[in-house]
Amino acid sequence: MSEKPQVKSSPSFFNNPRNRSLIYQFLLLAGLVYFFYGIITNTLANMESRGIKSGYDFLFTTAGFDILMSLIPYDATYSYGRTFVVGLLNTILVSTIGIVLATIVGFLMGVAHFSKNWLIRKLAVVYIETFRNIPLLLQIFFWYFAVLATLPSARQSLSIGEAIFLNVRGLYLPGLIAESGAGFVYTAIGLAFMAIIFLTRWARKRQNDTGQQFPVFLTSLGILFGLPLIALLLSGLPFTWDFPELKGFNFRGGITVIPELMALALALTVYTGAFIAEAVRAGVQAVPHGQTEAARSLGLKESRIMKLIIVPQAMRVIVPLLNSEYQSLVKNSTLATAIGYPDLFTVFVGTTLNQTGQAIEIVFMTMAVYFVINMTISFVMNRFNASVELAERN
Amino acid sequence: MKEFTPLPDKPAPNDVVGIIPWLRENLFPTPLNSLVTLAIIAFFATLIPPLFDWLFFSANWSGTTQDACTNKDGACWVFVIAWSKQFFYGSYPVEEIWRINTCLLALIAIIIASFKLHKDLRNKIAIPLFLLLPFLSIILLDGSLIGLEYVATDYWGGFTLNVMLAAASIIVAFPLSFLWALGRRSDMPFIRSVSVILIEFFRGVPVLALFFMGSVMLPLFFPEGTNVDKLLRVWIVLTLFMSGYMAEVFRGGFQAVPNGQYEAADSLGLGFWQKTLLIILPQVIKISMPNILATFVMLFKNTTFLLIIGIFEMLSTTQTALTNSNWLGGHSTEGYLFVAVVFWICCFSMSMISSSIERKLDTSHRN
């Protein structure tokens, strides 16, 4: 028997995966350090030559410009820090309106896709395919310049019951003014919500234990409206309506929705609604048909099948998609700057950046805000997702 | 032996075939549904005739100036016709427009070639050409390097700019995003975290913020005195943005490739790049094709956002046309409608292609 040939037991230095991975990572690190070193030195040199002072001191200096719409008291004497908050609140406002309305429109249209009625089915398809495939910015412009700008002037406003007015300057809604004793009603509303949560838990536990059902929905509805109503009557109606009134050339009083907000909210709703409808459709289609058949053979009514069998399973597909749609809605709300709705982007990256020139700080702060908003949405939706996820047996 | 011959099928009963049962089943199944049907029909009956009248019958088609729009009850398509050159080509010199057309034709030719050519030729010719195309196009469109008339990027614009920017971005984003996706799957912790940060950054930030970063922050990053072209900065931003999204698409594709494929490649003794490029990548691309197209549609629609930083893409050209002092007659509906139709045709056909690929790949027998 010949001797075994001598084989080097360990591979050469470079063929050792560990050494290799260390070398690659070191190279990447070195490249990144070089890259950032270059950027930072260049930036510092550029800022010096342009006379830009870095730092966040500008947040405390007077802004000196007006903002079209603000949820908190604001005028030109406030600081840049205040403009940041005003913009942030406006962003949150339009995103919230958009998310709520887009969800409603999306679910309606998604469900309409499965209607028995051929016309409704086709309408849903046409809606989805039309608005999904047209750029959002174009839709915003369409609503703003082609629809809302052609509304009548203040004197010829369209109105519903002399309480709601719509004209080229915006939408005017009656507002509620709280008087003393309103706190009593707010407490009642809070109590109603707590009672409903408690009731739902109790009813579920009872059904699990005894199999008896409790009409949770109707009772909840009763509590939700009944309790505040009783409080309202007991405290002697501590609210008054504030109707918008035409004074001179414009309306005073009530709540004013500026056309920029209307156009942006409409476009975001219609655009994102189409994507949500598509997500709902995909979710419902992902439930195997056997599930419906099995439910029918158990003798469940069609409405119960939808609620108990289809929707819970479809939600598993829908919720992750909703998560990303909501996030892109928030990101898309930055298009406000194209029509001048004073959101964070318009106010801060637009006007404030122009006035102060603090590009790096401002862009950084803005990006951080959108990150945080999207992280929050993601966190909430993931919690929601965990509650609809398939509970598999271990 | 007697051969078995089945009896011919009986026709379906009369009350389930034909137009009347179809109508009863689909339009008037219940009283409530019938009401809804009638309401929808009534709505369209009142809406469509005036709409068609405005769009076509009373519309003004011929002429070159606003004064040609004599019929105020109809759309003024003269506006769109008069500006159509700008809508498509921006202010690129008229006698040089053949260059833009050449670039677009080359793009179409390469796309067709990569589907039709034989596999070997495709890998050797179509793919390198595809990757080179953006750079060749820039040389041709710019013109100064090859002795043609120099056309500054300020003159590039219109719908063709939307198409070319989107195409150029996705072409460069292909290899880049593939690397990022590989990095995210890597075992090397530092490479993985850098990839994750890159991907999440470009996905998590509004694209508009990225554009602003490109226009106000990038100039600060370069050495003093360097003047980076605006369009080039936009291209860089769009590419990075697209790469973030595509990397996630590719990650999904990687996860969908069965583990056995990796193991089989390992047991054949293929190295990492051989395994990745020859075995895994073709499967990943095939699986991710519908999602890549969907991402591309998003990118394509997002090129309209460039209006905000002053690039003369199609929507921006429309805005300019609408505020032109010779055309101040309120043609915004016509203008937006035209842009919408152009974008809609492109995006809708791409989503049709995407879903047909999806159907072809879907081999489940669910329904």
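Could you check A:Gly299 against (1) in contact (Cβ under 8 Å) with a residue 12 or more places away in the chain; (2) away from chain B (no Cβ under 14 Å) and say which number it fails?
The single condition A:Gly299 does not satisfy is (1).
For B:Ser325, state whether it is at the interface with chain A (Cβ under 7 Å from one of its Cβ atoms), at pLDDT below 90 and over 18 Å from the mean Cα position of the chain (by Cα).
Considered against the rule, which asks whether it is at the interface with chain A (Cβ under 7 Å from one of its Cβ atoms), at pLDDT below 90 and over 18 Å from the mean Cα position of the chain (by Cα), B:Ser325 comes out as no.
Residue check: is B:Ala75 within 14 Å of chain A (Cβ to nearest Cβ), over 34 Å from the mean Cα position of the chain (by Cα) and within 30 Å of B:Thr333 (Cβ to Cβ)?
For B:Ala75, the condition - within 14 Å of chain A (Cβ to nearest Cβ), over 34 Å from the mean Cα position of the chain (by Cα) and within 30 Å of B:Thr333 (Cβ to Cβ) - is not met.
Which one of A:Ala274, A:Ala203, A:Ala231, A:Ala282 is under 30 Å from A:Lys331 (Cβ atoms) and either among the basic types (Lys, Arg) or in contact with a Phe, Trp or Tyr (Cβ under 7 Å, 6 or more places away or on another chain) (or both)?
Details: A:Ala203 fails: under 30 Å from A:Lys331 (Cβ atoms); A:Ala231 fails: under 30 Å from A:Lys331 (Cβ atoms); A:Ala282 fails: either among the basic types (Lys, Arg) or in contact with a Phe, Trp or Tyr (Cβ under 7 Å, 6 or more places away or on another chain) (or both).
Just one listed residue meets the conditions, A:Ala274.
Answer yes or no: is there a residue in the stretch B:342-349 that is touching a residue at least 12 places away in the same chain (Cβ under 8 Å) and over 23 Å from B:Ile108 (Cβ atoms). Show your work before the answer.
Start the filter on the stretch B:342-349 by keeping residues that are touching a residue at least 12 places away in the same chain (Cβ under 8 Å), which leaves B:342-343, B:346-347.
Now restrict to residues that are over 23 Å from B:Ile108 (Cβ atoms): none.
Scanning the stretch B:342-349 turns up no residue that is touching a residue at least 12 places away in the same chain (Cβ under 8 Å) and over 23 Å from B:Ile108 (Cβ atoms).
When you scan the stretch B:187-229, how many residues do you find that are surrounded by fewer than 17 Cβ atoms within 10 Å (Cβ to Cβ), out of contact with any Leu (no Cβ under 9 Å at 6 or more places or on another chain) and not in a helix (DSSP H, G or I)?
Total meeting the criteria: 8.
For B:Leu32, indicate whether it is under 30 Å from A:Leu119 (Cα atoms), surrounded by fewer than 12 Cβ atoms within 10 Å (Cβ to Cβ) and free of Cβ contacts under 8 Å to residues at least 60 places away in the same chain.
yes
From the list B:Phe202, B:Phe221, B:Phe212, which residue is of a type outside the set (Asp, Glu) and without any contact (Cβ under 8 Å) to a residue 24 or more places away in the chain?
Exactly one residue qualifies, and that residue is B:Phe221.
Considering each of A:Ala386, A:Ala359, A:Ala338, A:Ala314 in turn, give the residue that is more than 13 Å from every other protein chain (Cβ to nearest Cβ), buried (at least 20 other Cβ atoms within 10 Å of the Cβ) and over 14 Å from the mean Cα position of the chain (by Cα).
A:Ala314
For B:Phe87, only one of the following conditions fails: (1) of a type in the set (Phe, Trp, Tyr); (2) outside any helix (DSSP H, G or I); (3) closer than 23 Å to B:Leu315 by Cα. What is its number?
(2)
Residue check, A:Thr83 against (1) closer than 24 Å to A:Phe364 by Cβ; (2) surrounded by fewer than 17 Cβ atoms within 10 Å (Cβ to Cβ), all met but one. Which one?
Here A:Thr83 meets the rest and fails (2).
Do we have B:Thr304 as surrounded by 21 or more Cβ atoms within 10 Å (Cβ to Cβ), among the hydroxyl-bearing types (Ser, Thr, Tyr) and closer than 30 Å to B:Ala247 by Cβ here?
The answer is yes for B:Thr304.
Among A:Thr256, A:Thr269, which is in contact with a Gly (Cβ under 6 Å, 6 or more places away or on another chain) and outside any helix (DSSP H, G or I)? Quick ask: steps written out before the conclusion?
Values: A:Thr269 fails: outside any helix (DSSP H, G or I).
Only one candidate passes the filter, namely A:Thr256.
In this structure, does A:Glu278 turn out to be of a type in the set (D, E, K, R) and modelled with pLDDT of 90 or more?
Working: of a type in the set (D, E, K, R): yes; modelled with pLDDT of 90 or more: yes.
The answer is yes for A:Glu278.
Can you tell me which of A:Ser49, A:Ser79 is over 18 Å from the mean Cα position of the chain (by Cα) and away from chain B (no Cβ under 12 Å)? Walk me through it before giving the result.
On the way: A:Ser49 fails: away from chain B (no Cβ under 12 Å).
When all the criteria are applied, what remains is A:Ser79.
Could you tell me which of the residues B:Leu278, B:Leu270 is surrounded by fewer than 17 Cβ atoms within 10 Å (Cβ to Cβ) and assigned to a helix (DSSP H, G or I)?
B:Leu278
Among the residues that make up the stretch B:350-362, is at least one of them within 10 Å of chain A (Cβ to nearest Cβ) and on the phi > 0 side of the Ramachandran plot?
Among the residues of the stretch B:350-362, not one is within 10 Å of chain A (Cβ to nearest Cβ) and on the phi > 0 side of the Ramachandran plot, which makes the answer no.
Tell me, which helices (runs of 4 or more DSSP H) wholly within the stretch A:273-370 include 1 or more residues that are within 30 Å of A:Ser79 (Cβ to Cβ)?
A:311-332, A:336-339, A:353-356
Somewhere in the stretch A:250-271, is a residue modelled with pLDDT of 90 or more, surrounded by fewer than 22 Cβ atoms within 10 Å (Cβ to Cβ), closer than 30 Å to A:Ala182 by Cβ and within 30 Å of the chain's Cα centre (by Cα)?
Yes, the stretch A:250-271 has at least one match.
Criterion first (more than 30 Å from A:Asn16 (Cβ to Cβ) and crowded, with 22+ Cβ neighbours inside 10 Å) does B:Met242 satisfy it?
The answer is yes for B:Met242.
The values are calculated or read from the model by the stated rules, or taken from the named source; none is laboratory data. Because the structure is a prediction, the values reported are computed rather than measured. When we count neighbours, we look across all protein chains shown, and the Cβ atoms used for this are built from the backbone with ideal geometry, even at glycine.
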